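I have placed the structure first, in the form of structure tokens, so that the comments after it can refer back to it.
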Amino acid sequence: MAEYKDKLAYITGSASGIGRGLALAFAKRGSALALADVSEAGLEETKALALAAGAPKVTTHLCDVSAIHQIERVAKEVLDAHGDVHFLCANAGIGIAGIPFSSVTQREVRWVMDVNTIGVYETVRSLLPSMLAHGQPGHILCTSSLAGLLTPPGWHHGIYSASKFGVAALAQGMRDEIGDRPIKVSSIYPGMVRTNISNTFRSLRPTGGVAPQLPEGLDMNVAIPPEQAAEIILAAAEAGVEDICTHPDEAREMHEAYSQRVKAGIAASAAAIERLSKAEAELPA
């Protein structure tokens, strides 16, 4: 079991959704919290809920994770206010779907990558040195998505998936640096969770883009509450799981579909190489 009391959990994207769910889950376990988000009102709501749930101390920090200087400012604020960070949740993210590849604007592409991928990198980079320096057990949780396992065909999800595929690679890079020190790193692959991610996209996206169309086959009836997702995440993290899925059945199906496609590509490539080799062997000397 992880130790939560007298520990600090720093959570980005904690004004709503999975971030708020994680905040309440840590609060119930007795952790202090540092909450970061772009929504001041949402942060204050999460703070009140977390204090009521048992968090001994909660600080809030306005932060846009697409802005490096804000990430660095908040990291300093967190260390000054709390001291050591033990649980680092690089959770802030935005969704984008239902917009054809060539219709997504360049500003939107950079924005999505800055928040979902670079934001994870910069958030961890800002605090990893201090976590390594204090030498205590810790855990870094990086939020990806089921779309980080497979880009759902027909959903016009390519940009979002690309931003989330990168999170797992970043997580492995963190493990390589941490080595055998007592800090674990997990990638989180949420399925359908009742969050404000779509509304956040609409309210914060750069101007000038086309209206997204709701992807066919999107069934919100299978969505789980963020509090349930958070409990799954922490239970798996306590068990040392590196790739955490809130919807294992859907994750398994998507992973197998991707694996089969890659296996087919490997087999076809090997066959192409064999044909080339035969053709070269048949050439006149």
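Here is how the numbers come out for the structure above:
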quantity: Whole-percent carbon and sulfur share, accessible surface of the chain, 1.4 Å; calculated: 56
quantity: Accessible surface, per residue, of region 233-285 when the full set of protein chains is kept, probe 1.4 Å, Å²; calculated: 73
quantity: Fluctuation leader among His255, His139, His61 - the chain, Gaussian network, Cα springs under 10 angstrom; calculated: His255
quantity: Prolate/oblate/rounded label for region 46-127 (Cα gyration tensor, a/c 1.5); calculated: prolate
quantity: Choice from Val58, Val74, Val210 with maximal GNM fluctuation in the chain (Cα, 10 Å cutoff); calculated: Val210
quantity: Residue (of His61, Leu35, Thr105) at the positive-pole extreme of region 1-143, dipole from beta-carbon charges; calculated: Leu35
quantity: Net length gained if the chain between His255 and Ala235 were fully extended (0.36 nm per residue, minus Cα distance); calculated: 5.0 nm
quantity: Heavy atoms of Asp180 accessible to a 1.4 Å probe, total area in Å² rounded to 10; calculated: 150
quantity: Residue order for Ser161, Ser66 - accessible surface, 1.4 angstrom probe, largest first; calculated: Ser66, Ser161
quantity: Helix-only mean residue ellipticity at 222 nm for the chain, each DSSP H run of n ≥ 4 adding -39500 (n - 2.57), per residue, nearest 500; calculated: -16500 deg cm²/dmol
quantity: For region 80-192, with +1 on Lys and Arg beta carbons and -1 on Asp and Glu, the positive-most of Val185, His139, Tyr160 along the dipole; calculated: Tyr160
quantity: Gyration tensor verdict on the chain (Cα atoms; rounded if a/c is under 1.5, prolate if a/b is larger than b/c, oblate otherwise); calculated: prolate
quantity: Heavy-atom accessible area per residue - region 86-183, 1.4 Å, Å²; calculated: 39
quantity: Residue of Ala264, Ala36, Ala97 that the Gaussian network model of the chain assigns the largest fluctuation, springs spanning Cα pairs under 10 Å; calculated: Ala264
quantity: Lys, Arg +1 and Asp, Glu -1 on Cβ, resulting dipole of the chain about Cα centre, debye, nearest 20; calculated: 220
quantity: Lysines with Cα under 27 Å of Lys28, excluding same-chain neighbours fewer than 8 positions away; calculated: Lys5, Lys7, Lys47, Lys57, Lys76, Lys184
quantity: Cα centroid separation, region 1-79 to region 86-121 (Å); calculated: 20
quantity: Exposure of Lys5 as accessible area (Å², to 10), given a probe of 1.4 Å and all protein chains; calculated: 140
quantity: Gyration tensor (alpha-carbon) shape descriptor, region 63-202, a/c threshold 1.5; calculated: prolate
quantity: Crossing angle, helix 158-178 versus the chain [Cα axis fit, 0-90 degrees, rounded to tens]; calculated: 70
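The values are calculated or read from the model by the stated rules, or taken from the named source; none is laboratory data. All values derive from a computational prediction rather than experimental measurement. Note that we place each Cβ from the backbone using ideal geometry, even for glycine, and neighbour counts take in every protein chain shown. Protein only, heavy atoms only, side chains kept; ligands, DNA and RNA dropped before computing areas. Shrake-Rupley method; radii C 1.70, N 1.55, O 1.52, S 1.80 Å.
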